[in-house]
Amino acid sequence: MEFYNEKMSMSIALFVMILGVYGCASSDDETTSTTSKQMVAYEALDEEEQDLTISPSNSTVEKISVKDAPKSTLAASYDGKKVYVVTFLDTANAKHGDLVVYLDEHGKKVVGQGFK
């Protein structure tokens with residue numbers, strides 16, 4: 001009987017640990033991943049474009065439908081899908097608006113960029 005109780009206690013402890021690890025690993029929510037999306041977008045910029053921006057933190061991230069984005073900045077395969085748009089603030093000048101980078105629906109791959 002003692003062996004059974006010990007085995008049951010170990011099973012419960014293991015289950016709780018797995019549940020805790022799974023819960024932490026799957027917490028890819030909007031606020032946690034905003035910084036990583038900003039960094040993915042910033043790292044995709046060339047040196048001249050990076051010089052336009054102060055830092056990745058000087059940007060906004062929002063999820064939009066591709067129908068709301070200019071067609072020339074994204075591949076046709078993204079038509080009708082949701083993407084993230086990272087807008088680097090204070091990059092507008094007399095020639096163009098703010099610099100924007102479009103990320104896939106997971107926020108991990110650059111799928112387009114341009115100016116507003």
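Read-outs throughout are calculated quantities, based only on the coordinates presented, and are distinct from any laboratory measurement. From a predicted model like this one, the values you see are computed outputs, not experimental measurements. Note: ideal-geometry Cβ built from the backbone for every residue, glycine included; neighbour counts use all protein chains shown.
Placing dummy labels 7 Å off each Cα toward the beta-carbon, the span from Lys63 to Asp79 is 2.4 nm. Ordering Gly112, Leu45, Tyr78 by the projection of their Cα atoms onto the charge dipole of the range 35-116, which places +1 on the Cβ of Lys and Arg and -1 on the Cβ of Asp and Glu, puts Tyr78 at the extreme positive end.
Each label was represented as a point 7 Å from its Cα along the Cα-to-Cβ direction; for Asp51 and Asn93 these points are 0.9 nm apart. Summary of packing: across the peptides 43-52, 94-103, the per-residue average of other C-beta atoms within 10 Å ranks them, highest first, as 94-103, 43-52. Residues whose amide H falls under 5 Å from that of Ile54, counting only those 5 or more places apart or on a different chain, are absent, with hydrogens built in the peptide plane.
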